[in-house]
Every structure is written in C-alpha cells, then in structure tokens.
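Have a look at this one before I ask anything.
None of the figures in this text is laboratory data; all of them are computed from the coordinates on show. Nothing here was measured: the structure is a model prediction, and the numbers come from that model. Virtual Cβ from ideal backbone geometry, glycine too; neighbours counted across all protein chains shown.
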Amino acid sequence: MRRLLVLVALVLAACSSSGSTASVSPGATRSPSASAAPTATPGATPTSPADLPVTPVDFSCRLPVVWSTTDNSGMTLQGASIAFPTAQLAEDPAGTMHSRLVEGDFATTATPILRGDGVVPFYDRAYSRWVPARKSQALPDGSGYAYVTWNAQSGIFAAHVVDVATASSRDFSLPTGFNPFVADYDVSGVYLVGGSALGGPGEGVWLLNPKTGAVKEIGHIHQVWAVRDGYAWVGRLDPRDTTVYPPSELALANSLVRINLATGAETVWFYRPGVYPWLLGLA
C-alpha cells in the first residue's frame, strides 16, 4: 500500500472567542513579556536580511507544468516543463490538449489520441505522455486511467477506461440519480464519487468494474473529499465545536475523517474547532 501524506489547508471560518485548540499535538505556549514593545527610531534605515548561501547541486530534473488558454473555439491546455536548477521553461510540442465541446472532453494532439476530462492533466512518466486527467484517476503504474463525461443531449453520464499505450477505451453508461466523477483507480476498480446536495440520494462512493462496467454502491457517505487505497477521506462537523459559524453554502466541517470502505471503521485524522479544513491532496 502506498504511504500517504495528507495536505490540509486551514481556513478560519469564524472569529469566535471559543477555544481553537486542535486535537493534534499542541505547540508550546509563549509566555507574555513584561517589557514594552520596541519603538522605531525616527530616520532609522531598516536593514535587509542577508541572502542565504547558494549551494551547487550535482543533479538536474524537470517539473511538469500546465497552463490553459481560451478562445472562441474553446480551451487549450498546454503541457511544459521547468528545468532545475536552470529554471528554464520549455513548452512540450506533444503536450497540447484541446477541448471538444460536443463530446464534453479534452483530446491530445499527440498520437495515439488520449481523451479525458481535462480537470488537471498530468505527465505520465512511464509512458512519456501527457494525460488529460488527474493523476488520482490513473493506475499506480500509469498504464491506464478513467474519466467521466456527460452528454448534454441525452443527459447520460458515461465512464471511460483508457489504456495509455494504445489509447483504446472501454465506455460504459452509468446509472442515473447521481453526478459522478472518478476519485481513484486501482486493482479493485474505478472509484466513483457522487456529488449531490448534502444528504441527497446522489452522495456516496461507488465501485466500477473496469472490464464489465458493473457498478455497485460501497457506501452512502456524505462530504467525500478523496478516495485512495480503499479509504475515503470525508469532512465532518464535530459536535464538540461550539463555534457559531457564519452562513455558508458549504456543508460545515471542522475535522477530517478517514473511513475504511470495506469495514466502515472511522479514524479522525484532524480536528480543530472554529476552522474549516480543506483537503488539498494525498501524496
């Protein structure tokens, strides 16, 4: 199983006098100082901090980056790389991906043509290809990925399971009643998460068989932020929090909880009253 690093961004949701002590290990409390705050001397010139020493490195690497442009024909995503340590940006001629309005997806100009939802493309190092889908939608070895499209005319969602080497795709119509997207793809199958109003029938996690297209619901789970390795990370509002939150269209949350999709066991990974956490990603 891949070792995970959870990145959480904290957004202050309310300026309440209620405690803001986290359940994570607390830091040391600074003792108040009896001395008065220093007063700036008139006419004094502030000194700039000294530059940190530069240490030469004996290696080089490239960081994949993507940007987007929009015109009357739609959106174009362009893959490129930033070289280290030279800090040079180089556009990749094979990294262009154009939106297709009728199909509701993106397609590469490089062949064989790969198609995807284009949310956050990634560079598949194992196959030296730009993939118009998120890294979380791909198999760990990069050999395949999955994405979902919506047909505006029929109103039907379809799942597409793609082989990167050949660009061949298996396409399956999805059941109605939920607004799905691909959250993870591993040996167990393609994990779909449904978006819906809080508590609505479309919320939950489903597992798609990438060979047959069969879909089964794993759990009717609310506020799913991510799925990885058979676990779901969800936002929860811990009732111990007495903060009075301002009105919001978002469902309230002050904790990050991991749910074992096989057993239903829950583990609180993070809790802080008065703060709304955002899960940035799993690495």
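How would Met97, Met75 line up from fewest to most surrounding beta-carbon atoms within 10 angstrom?
Numbers: Met97 26, Met75 14.
Listed from fewest to most nearby Cβ atoms, that is Met75, Met97.
Could you pull the Rg and Dmax for the stretch 64-221, using just the Cα atoms, both in Å?
Reported Rg and Dmax, both Å: 16.4, 52.
Go through 244-250, 123-129 and give me the packing order, highest mean Cβ count within 10 Å leading.
Highest to lowest by the protection proxy: 123-129, 244-250.
Return the distance in nm (one decimal) between the two label points of a simple spin-label model at Leu89 and Leu63, each offset 7 Å from Cα along Cα→Cβ.
Once both label points are built, they end up 1.2 nm from each other.
Does anything in the stretch 155-195 have its amide N under 11 Å from the 7 Å Cα→Cβ label point of Glu103, and if so which residues?
Only 169 fall inside the zone, counting backbone N under 11 Å.
Whole-Å semi-axes of the stretch 223-283's equivalent ellipsoid, largest first, each the root of 5 times a Cα gyration tensor eigenvalue? The partial results should precede the final answer.
Details: eigenvalues 98, 30, 18 Å².
Square roots of five times the eigenvalues give 22, 12, 10 Å.
Kindly rank 160-168, 260-268 from highest to lowest mean number of other beta carbons found within 10 Å of each residue.
On the way: 160-168: 17.0, 260-268: 11.6.
Put in order of decreasing packing, that is 160-168, 260-268.
If I model a spin label at Lys135 and Trp150 as a point 7 Å from the Cα along the Cα→Cβ vector, what separation in nanometres do I get?
2.8
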